[in-house]
Amino acid sequence: MTQILEVRRLSMEYTTRSGRTVLALDDIHADIGENEFVTILGPSGCGKSTLLKIVASVIRPSSGEVFFEGRPLTSPTARIGMVFQQPILMPWRNILENVLFPIEMMGKSTRSYDAEARDLLKLVGLAGFEKAMPNELSGGMQQRAAICRALIYDPKLLLMDEPFAALDAMTREELGIELLRIWSERKKTVMFVTHSIQEGILLADRVLVMTARPGRVAASIKIDLPRPRTINMVSTHEYGRYAEEIRSLISGGQQIAAA
Ligand SMILES: Nc1ncnc2c1ncn2[C@@H]1O[C@H](COP(=O)(O)OP(=O)(O)OP(=O)(O)O)[C@@H](O)[C@H]1O
Ligand SMILES: [Mg+2]
């Protein structure tokens, strides 16, 4: 498999306002293959968001390197998109305008992306809501719009930091299945952070399990469940084995929701 992302000896030390230093990531190595769906699980505070922010070039690491498509990653690129835990839509813009915002930021003509934005909204079940304002949509619908906004410039690598954490279980499962459909239709690579072992297994080709702070990669577990994935797979023996293995790998597993 061709690697799209190579993370080498990556460490991140934060200096807090009181002058204390916090080692958030310690010597991280990871390879992400092209079109691979990788989920990242680990205790709270182990550096999952830090890792994603470094890959998104939002922050710079203290040491180490990240290679994207074979080249050192030094500045933000439109080939990498990010979806955060909260949709953060602009309340004064309608849904279509929110989805088109990155295009405007890049100084491109939004008109030439109008059809693509409408297609994406349709793909996530938001056809008919183009002119609605964010506050007229449910949390799940807003998160769908935020996913469209990350997809509008067709990034190759999609970074998702607990994108469904604020949603109820049913919407969460539904959006997970939808995300898998988009991923397989549009040939994306996905790095997806979650606290849910179930979500982590059901979505993934591979699960990266991180240790408690300072974060290191404790294990990389290939998930051989067949695709398309369904929620019913949680009752299979194979699923149970993966869940048990991951739970035992995560130190202080009580910080992780069982669901
Ligand atoms: N800007 C910052 N300044 C100082 N310390 C920080 C900063 N951002 C994160 N940290 C620290 O780095 C560590 C890792 O934080 P990070 O947000 O990456 O963890 P996480 O794995 O995403 O946690 P969670 O699962 O709770 O979201 C934490 O101990 C946190 O307190
Ligand atoms: Mg986080």
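The values are calculated or read from the model by the stated rules, or taken from the named source; none is laboratory data. In this text, all values refer to a predicted model and were calculated from it rather than measured experimentally. As a convention, Cβ positions derive from the backbone with ideal geometry for all residues, glycine included, and neighbour counts pool all protein chains shown. Protein only, heavy atoms only, side chains kept; ligands, DNA and RNA dropped before computing areas. Shrake-Rupley method; radii C 1.70, N 1.55, O 1.52, S 1.80 Å.
Being within 16 Å of ligand 2 (Cβ to nearest atom), modelled with pLDDT of 95 or more and not basic (K, R) is true for just one of D161, D114. Which residue is that? Write out each step before concluding.
On the way: D114 fails: within 16 Å of ligand 2 (Cβ to nearest atom).
When all the criteria are applied, what remains is D161.
Scanning region 74-95 turns up one or more residues that are open to solvent by less than 70 Å² (accessible area, probe 1.4 Å), assigned to a helix (DSSP H, G or I) and either at pLDDT 95 or above or in contact with a helix residue (DSSP H, G or I) (Cβ under 9 Å, 6 or more places away or on another chain) (or both). Among the criteria (1) open to solvent by less than 10 Å² (accessible area, probe 1.4 Å); (2) of a type in the set (G, A, S); (3) within 8 Å of ligand 1 (Cβ to nearest atom); (4) under 17 Å from M160 (Cα atoms), the one A24 does not fulfil is (4). Given the conditions (1) assigned to a strand (DSSP E or B); (2) farther than 24 Å from D154 by Cβ; (3) open to solvent by less than 60 Å² (accessible area, probe 1.4 Å), and given that D31 satisfies all but one, which numbered condition is not satisfied? For D31, the failing item is (2).
Take region 1-21 and flag every residue that is among the β-branched types (V, I, T) and either within 12 Å of ligand 1 (Cβ to nearest atom) or open to solvent by 70 Å² or more (accessible area, probe 1.4 Å) (or both).
Taking region 1-21 first, the residues among the β-branched types (V, I, T) are 2, 4, 7, 15-16, 21.
T2, T15, T16, T21, listed by residue number.
With respect to (1) open to solvent by 30 Å² or more (accessible area, probe 1.4 Å); (2) of a type outside the set (G, A, S); (3) touching a residue at least 40 places away in the same chain (Cβ under 8 Å), the lone exception for D114 is condition (3).
Per-residue answers, yes or no, for (1) touching a strand residue (DSSP E or B) at 6+ places or on another chain (Cβ under 7 Å); (2) small (G, A, S); (3) modelled with pLDDT under 95:
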site	(1), (2), (3)
L208	yes, no, no
I221	yes, no, no
Y242	yes, no, no
E245	yes, no, no
G252	no, yes, yes
Q255	no, no, yes
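Note on region 135-185: residues that are acidic (D, E) and within 19 Å of I88 (Cα to Cα) total 4.
Of the residues that sit in region 185-201 and are more than 23 Å from V234 (Cβ to Cβ) and open to solvent by 10 Å² or more (accessible area, probe 1.4 Å), which one is farthest from ligand 1 (Cβ to nearest atom)? Per the criteria, the residue is E185. Tell me, which residue of region 48-87 that is on the phi > 0 side of the Ramachandran plot and within 16 Å of ligand 1 (Cβ to nearest atom) is farthest from the chain's Cα centre (by Cα)? Among them, the one singled out is G64. Considering the conditions (1) more than 16 Å from ligand 1 (Cβ to nearest atom); (2) over 30 Å from A115 (Cβ atoms); (3) touching an Asp or Glu at 6+ places or on another chain (Cβ under 6 Å), A204 is excluded by exactly one of them, (3).
Within region 210-223, does at least one residue satisfy the condition of being farther than 25 Å from K53 by Cβ, open to solvent by less than 20 Å² (accessible area, probe 1.4 Å), in contact with an Asp or Glu (Cβ under 7 Å, 6 or more places away or on another chain) and in a loop (DSSP other than H, G, I, E, B)? Step through it out loud before you land on a result.
The initial filter retains those residues of region 210-223 that are farther than 25 Å from K53 by Cβ, namely 222-223.
This time we only want the ones that are open to solvent by less than 20 Å² (accessible area, probe 1.4 Å), so: 223.
Within this subset, residues satisfying the condition of being in contact with an Asp or Glu (Cβ under 7 Å, 6 or more places away or on another chain) are 223.
Keeping just the survivors that are in a loop (DSSP other than H, G, I, E, B) gives 223.
Yes, the conditions are met somewhere in region 210-223.
Taking each residue of region 184-212 that is farther than 13 Å from D161 by Cβ and looking for partners that are part of a loop (DSSP other than H, G, I, E, B) and hydrophobic (A, V, I, L, M, F, W, C) with beta-carbon atoms closer than 6 Å, six or more apart or interchain, yields S196/A257; S196/A259; Q198/A259; I201/I223; A204/I223; M210/C46; A212/C46.
Could you list, in sequence order, all residues of region 141-175 that are among the small types (G, A, S), open to solvent by less than 60 Å² (accessible area, probe 1.4 Å) and under 18 Å from Q198 (Cβ atoms)?
So in region 141-175, the residues among the small types (G, A, S) come out as 145-146, 150, 165-166, 169.
Next, only the ones that are open to solvent by less than 60 Å² (accessible area, probe 1.4 Å) stay: 145-146, 150, 165.
Of everything in region 141-175, just one residue is among the small types (G, A, S), open to solvent by less than 60 Å² (accessible area, probe 1.4 Å) and under 18 Å from Q198 (Cβ atoms), namely A165.
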